[in-house]
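Asks: Could you have a look at this structure, given as structure tokens, before my questions?
All of the numbers you see were taken from the coordinates with simple rules; none came from a lab. These figures come from a predicted structure and were not determined experimentally. Please note: Cβ atoms are built from the backbone with ideal geometry, for glycine as well, and neighbour counts cover all protein chains shown.
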Amino acid sequence: MAQKIELGLDTFGDVTFDAAGALLPQPQVLRNVVAEAVLADQVGLDFFGIGEHHRGDFAVSAPEVVLAAIAGRTRDIRLGSAVTVLSSDDPVRVFQRFSTLDAVSNGRAEVVLGRGSFTESFPLFGLELDRYELLFEEKLNLFTELLKEEPVTWAGETRGALKQQSVYPPTESGSLRTWIGVGGSPQSVVRAAHYGLPLMLAIIGGSPLAFEPLVDLYHRALAQFEKPIQPIGEHSPGYIAATDAQACEEMWPHYAAMQERIGRERGWGPVSRERFEHDAGPDGALFVGSPETVATKIASVAKGLGLSRFDLKYSLGTLAHEKLMTSIELYGTQVAPLVREQLA
């Protein structure tokens with residue numbers, strides 16, 4: 001029986017080099033992200049996701065605004081976040097922004113909610129990191145009430161209470177597709193199942209198939225909570241060029257610089273070319289290579305994890321916009337048909 005899969009793209013609006021090797025200003029990066037999404041729609045991809053950050057190396061702090069600009073220039077592609085940092089936002093405003101996006105895009109909006117792997121938004125919005133878990137748990141609880149699109153009564157510690165409060169605008173369909181993004185925590189997987197929400201696995205290291213126990217846990221938890229079966233997606237970095245060697249050579253210096261920059265903040269050791277080559281190989285979390293190589297790897301992981309969605313995190317540090325456009329075109333015109341053929 002054929003396995004159906006949606007194939008999408010994710011970006012954080014990484015600040016890239018121009019042709020002369022200088023960093024582009026963030027406003028130009030944002031315009032480039034819109035152009036990348038337009039191309040993704042043109043080559044028939046299913047989803048375009050934009051992550052929220054509040055730092056100098058990523059240009060997007062307001063994904064919904066960029067997604068609305070994209071909505072006006074595209075027709076079919078679904079549009080969403082990757083992720084929305086719900087912990088440091090207000091659930092009512094998040095719902096309103098995405099229900100508005102859903103309206104202006106003719107029903108193409110969805111949202112991936114998460115705690116985020118960076119914490120810059122907490123001091124920026126006056127929040128304490130020691131309430132990290134409580135903020136996400138309470139705000140997710142409220143957001144799931146808002147998804148019912150009925151008057152809400154709710155009370156908690158992290159925001160003011162609501163009493164039979166209606167939230168506008170509602171979606172036209174009565175349903176805003178909402179995923180929970182997780183990085184590998186069993187607690188987060190069980191939480192997604194508790195609320196009956198689709199699961200988006202952020203797999204950025206190790207072997208993707210090592211996440212099979214979490215997928216199994218998710219299915220068992222859904223059954224225990226008497227929730228219907230939900231889609232499972234994967235978000236992983238990658239890059240496509242004409243050959244495997246070209247893809248690795250073009251990606252490596254930008255990927256290494258990005259990993260080392262973030263690693264200095266988090267106390268990671270230096271990234272090695274040997275480790276990069278391993279992660280770009282058949283068992284790693286980087287989907288790098290020719291269209292044939294990347295398609296085979298996506299299809300294999302999709303079968304192993306039972307995926308309904310695969311999102312390629314195509315922006316890779318300072319790798320130039322023009323090369324990203326080539327990668328997107330190859331993903332849509334060559335990789336996507338090959339994946340669907342292998343899953344047929």
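Asks: Work out the P(r) tail for the stretch 154-245: percent of alpha carbon pairs separated by more than 24 Å, whole number. Intermediate values should be presented prior to the final figure.
Replies: Numbers: 1765 of 4186 pairs.
In whole percent, the share of Cα-Cα pairs in the stretch 154-245 beyond 24 Å is 42.
Asks: I would also like to ask the following. Which pairs in the list LYS148/LYS297; LYS4/LYS313; LYS227/LYS323; LYS139/LYS297 are over 32 Å apart, alpha-carbon to alpha-carbon? Walk me through the intermediate numbers first.
Replies: Numbers: LYS148/LYS297 38 Å; LYS4/LYS313 20 Å; LYS227/LYS323 43 Å; LYS139/LYS297 36 Å.
With Cα atoms farther than 32 Å apart: LYS148/LYS297; LYS227/LYS323; LYS139/LYS297.
Asks: Please list, in order along the stretch 260-268, the HN-Hα scalar couplings obtained from phi with the Karplus expression 6.51 cos²θ - 1.76 cosθ + 1.60 (θ = phi - 60°), rounded to whole Hz, x for Gly and Pro.
Replies: Each residue of the stretch 260-268 in turn: 6, 5, 5, x, 5, 6, 10, x, 6 Hz.
Asks: Using a Förster distance of 41 angstrom, determine the FRET efficiency expected from the C-beta separation of GLN342 and LYS163, and round it to 0.05. It would help to have the intermediate numbers written out before the result.
Replies: Working: r = 53 Å, r/R0 = 1.29.
Working from the Cβ atoms, E equals 0.20.
Asks: Using the Cα centre of the chain as the reference point, and only Cβ charges (+1 on K/R, -1 on D/E), how large is the resulting charge dipole? Debye, rounded to the nearest 20. It would help to have the intermediate numbers written out before the result.
Replies: Numbers: 30 positive and 44 negative charges, 95 e Å.
Charge dipole, the chain, about its Cα centre: 460 debye, nearest 20.
Asks: Among LEU101, ALA320, LEU199, which residue has its Cα positioned farthest towards the positive end of the charge dipole of the chain, with +1 placed on the Cβ of Lys and Arg, -1 on the Cβ of Asp and Glu, and the dipole taken about the Cα centre?
Replies: In the chain, that residue is LEU101.
Asks: If I take every Cα pair under 8 Å that is 6 or more residues apart in the stretch 1-46, average their sequence separation and divide by the length, what percent do I get for the relative contact order? Before the final figure, lay out each step's value.
Replies: On the way: 23 pairs, mean separation 20.2, N = 46.
Relative CO of the stretch 1-46 lands at 44 percent.
Asks: Under unit Cβ charges (Lys, Arg +1; Asp, Glu -1), what dipole magnitude, rounded to 20 debye, does the stretch 7-64 have relative to its Cα centre? All intermediate terms of the calculation are to be shown ahead of the outcome.
Replies: Numbers: 2 positive and 9 negative charges, 37 e Å.
It works out to roughly 180 debye.
Asks: Pull up the DSSP beta bridges for the chain and report the antiparallel fraction as a percent, rounded to 5.
Replies: Beta bridges within the chain, antiparallel portion: roughly 10 percent.
Asks: What list of ³J(HN,Hα) couplings, whole Hz, do you get for the stretch 56-73 from phi and the Karplus terms 6.51, -1.76, 1.60, once you set θ to phi - 60° and write x for glycine and proline?
Replies: Working through the residues one at a time gives x, 8, 10, 8, 9, 10, 10, x, 5, 5, 5, 4, 5, 4, 5, 4, x, 10 Hz.
Asks: Would you mind giving the average projected area, over all directions, of the Cα convex hull of the stretch 243-328 in nm² with one decimal?
Replies: Details: hull surface 24.4 nm².
Mean shadow area of the hull around the Cα atoms is 6.1 nm².
Asks: Please list, in chain and number order, the residues 5+ apart from ARG78 or on another chain whose amide H is under 5 Å from its amide H, with Hs placed from the backbone.
Replies: Close amide H contacts, sequence-distant or interchain: PHE47, PHE48.
Asks: Consider just the alpha-carbon atoms of the chain and return their Rg together with their Dmax, both in angstrom.
Replies: Computed over the Cα atoms of the chain, radius of gyration and Dmax are 19.4, 60 Å.
Asks: Quick one: Karplus J couplings for the stretch 306-322, per residue in order, coefficients 6.51, -1.76, 1.60, θ = phi - 60°, nearest Hz, x for Gly and Pro?
Replies: x, 6, 9, 8, 10, 10, 7, 7, 8, 7, 9, x, 8, 4, 5, 3, 4
Asks: Would you mind checking which residues have amide H under 5 Å from GLU234's amide H? H placed 1.01 Å from N; only 5 or more apart, or other chain.
Replies: LEU201, ARG309, PHE310, ASP311
Asks: Another question about this same structure. Please report, to one decimal in angstroms, the Kirkwood hydrodynamic radius of the stretch 281-335 built from all distinct Cα-Cα pairs. Mind dumping the intermediate values first?
Replies: Details: mean 1/r = 0.0831 Å⁻¹.
After inverting the pairwise mean of 1/r, the radius is 12.0 Å.
Asks: Oh, and also: Fewest first, what order do SER272, SER207 take by the number of other Cβ atoms within 10 Å?
Replies: Working: SER272 10, SER207 15.
The most exposed by this proxy come first: SER272, SER207.
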